[in-house]
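Here the structure comes first, spelled out in structure tokens, and everything after it is commentary.
The values are calculated or read from the model by the stated rules, or taken from the named source; none is laboratory data. Keep in mind that this is a model prediction, so the values were computed, not measured. Cβ atoms come from the backbone with ideal geometry, glycine included; neighbour counts cover every protein chain shown. Please note that ligands, DNA and RNA were not included when accessible areas were found on the heavy atoms of the full protein model with its side chains. Shrake-Rupley method; radii C 1.70, N 1.55, O 1.52, S 1.80 Å.
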Amino acid sequence: IHRRDPEVVEILFERGSESASASGDAESLADLIALATAAPIGHQSPSLVAHTLLQHARLAALRSEPEPGFETAVAALRGVGEPFWVATALLEHAEWLAAHGRGEEAASLLTEARDVFERLRARPRLERLDALQATSSTAAPTSS
């Protein structure tokens, strides 16, 4: 990677960390975060900082930490104007909440994420969101 081209570094960081996170490879994700944050703070773009926060949240979720920090990542991604990644972070936060028996807290996150994914026609993310909602609705207790 040519360290002088921050745009290339950011794109490769996004792709690599997306892959590591999706495969559940916490060690590789931690290595990518370390590489991305190796530059002095003043040399990191606001977008790279925001994406690093998302990767920290993903890593914390993979490590089953109590509160992974998706809210912080969402706020940072909003601040740099990246709606796709905001919606992705919302979806991943909702997935984490559902996995921890807190699916009812995820409804508003999923609504916002769906709006963005539909507008962007992000079919794979919409399919993931639909799967989460289908699982959540089948897992919901029924009244007797």
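Less than 13 Å Cβ to Cβ from residue 26, Lys/Arg counted +1 and Asp/Glu -1: what total charge do the surrounding residues give? The partial results should precede the final answer.
Working: positive: 58, 63; negative: 25, 27, 31, 65.
Result for the neighbourhood of residue 26: -2.
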The answer for the net charge of residues other than residue 83 whose Cβ lies under 12 angstrom from its Cβ, with Lys and Arg +1 and Asp and Glu -1, is -1
Could you compute Rg(Cα) / (2.2 N^0.38 Å) for the stretch 62-113, with N its residue count?
1.09
Could you tell me what % of all Cα pairs in the chain have separations over 18 Å?
58 percent
Degrees, to the nearest 10: 107-120 long Cα axis against longest axis of the chain:
60 degrees
Result for the stretch 90-139: accessible area per residue, probe 1.4 angstrom, in square angstrom, of 58 Å²
Work through the residues other than residue 69 whose Cβ is under 15 Å from its Cβ and net out their charges, Lys, Arg +1 and Asp, Glu -1.
-2
